[in-house]
Amino acid sequence: MLIQLFDPWKSKLCTCPKKYSFSPYTGCSHACIYCYITSYIPDAFHARLKKDLFKRLKKEVKRIDKKIYISMSNSSDPYTPEEKELMATRKCLRIFKENEIRLLIITKSNLVARDVDLIASMHASVSITLTSLNDEKIAKVEPHAPPPSKRLEAMEELHSNGIPCSVRLDPIIPSINDDELEEIVKETSRYCSHVVASTIKPRRDSLKRIGSVVPSLRDAKFERIGNSFYLPSPLRFSLLARVEKAAKQHGMSFATCREGYPFKAKSCDGSHLIP
């Protein structure tokens, strides 16, 4: 099945509403060093279209409960670099529009602004990941993703076209972006009304990659929760508290992703913004 109910490994810390998950692609060519998909997707950093994508999607979209929204995507970016030429995500958006599907688009690519004409006429909201405002930092941890300046431009374009947006400050990585959390919230508050924050949660393979780029994390005392490694709770909660305080100062709702940190927002993922 292309469209499946979202179930993140039955995580006891997951606070997501009931939703479907859908990805046009298998894998993601953004190749972020912290990404967990390399633990279960072969050749994960090489995105490729799913087999018979459009034919299957047209059938499946007729069978789902339309009261439940679709989250696109969770294991791969719907605007992975290949999308610029293949335009598969855009074709999927047309199918969703025709079937009046409620949609949450999650991406770290400015390419989403290309489809503003479609998204603005749908029951859709966009959540853009912004890990840093510094192009050099991003190049180290998200080597093939668009620079922060381009993502901010995309947020502005979406906002100016009346599309409700949220920002994913994800992941928070000590010694990489922990010195700019408040600034990220401030910059994105012009275009986004909600922020969801998440600290780094590597698995064994991504932990090795991170250590090669962030030497200070090689000997960090991570806590094992499920299949992921978490920063110690006092450190995680102090980082999240800073984001929460900044969000309040700038009039944004705040939530976290799989942290066990309490929040009052209507949803963790920003799905409450879907029209």
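FYI, it's all coordinate maths here, none of it is from the lab. Not measured: the values here are computed from a predicted model. Positions of Cβ are generated from backbone atoms using ideal geometry, with glycine treated the same way; all protein chains shown enter the neighbour counts.
Can you pull out every residue in the stretch 190-225 that is of a type outside the set (Val, Ile, Thr), part of a loop (DSSP other than H, G, I, E, B) and surrounded by 14 or more Cβ atoms within 10 Å (Cβ to Cβ)? Within the stretch 190-225, 191, 192, 193, 201, 202, 203, 220, 222 qualify. Quick one: which of 101, 176, 163 is closer than 28 Å to residue 17 by Cβ, buried (at least 18 other Cβ atoms within 10 Å of the Cβ) and touching a Lys or Arg at 6+ places or on another chain (Cβ under 9 Å)? Of the residues listed, the single one that is closer than 28 Å to residue 17 by Cβ, buried (at least 18 other Cβ atoms within 10 Å of the Cβ) and touching a Lys or Arg at 6+ places or on another chain (Cβ under 9 Å) is 101. For the stretch 156-175, filtering for residues that are in contact with an Asp or Glu (Cβ under 9 Å, 6 or more places away or on another chain), aliphatic (A, V, I, L, M) and not in a strand (DSSP E or B) leaves 1.
Kindly evaluate residue 109 against the criterion of being in contact with a helix residue (DSSP H, G or I) (Cβ under 6 Å, 6 or more places away or on another chain) and crowded, with 23+ Cβ neighbours inside 10 Å. No; evaluated as a whole, the condition is false for this residue.
Using the structure shown, decide if residue 125 is of a type outside the set (Phe, Trp, Tyr) and either part of a helix (DSSP H, G or I) or surrounded by 21 or more Cβ atoms within 10 Å (Cβ to Cβ) (or both). Taking the combined requirement at face value, the residue satisfies it.
Conditions tested, residue by residue: (1) in contact with a strand residue (DSSP E or B) (Cβ under 7 Å, 6 or more places away or on another chain); (2) closer than 30 Å to residue 125 by Cα; (3) among the basic types (Lys, Arg); (4) touching a residue at least 12 places away in the same chain (Cβ under 8 Å).
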{"residue": "190", "(1), (2), (3), (4)": "no, yes, yes, yes"}
{"residue": "194", "(1), (2), (3), (4)": "yes, yes, no, yes"}
{"residue": "198", "(1), (2), (3), (4)": "yes, yes, no, yes"}
{"residue": "201", "(1), (2), (3), (4)": "yes, yes, yes, yes"}
{"residue": "204", "(1), (2), (3), (4)": "no, no, yes, yes"}
{"residue": "209", "(1), (2), (3), (4)": "no, no, yes, yes"}
{"residue": "219", "(1), (2), (3), (4)": "no, no, no, no"}
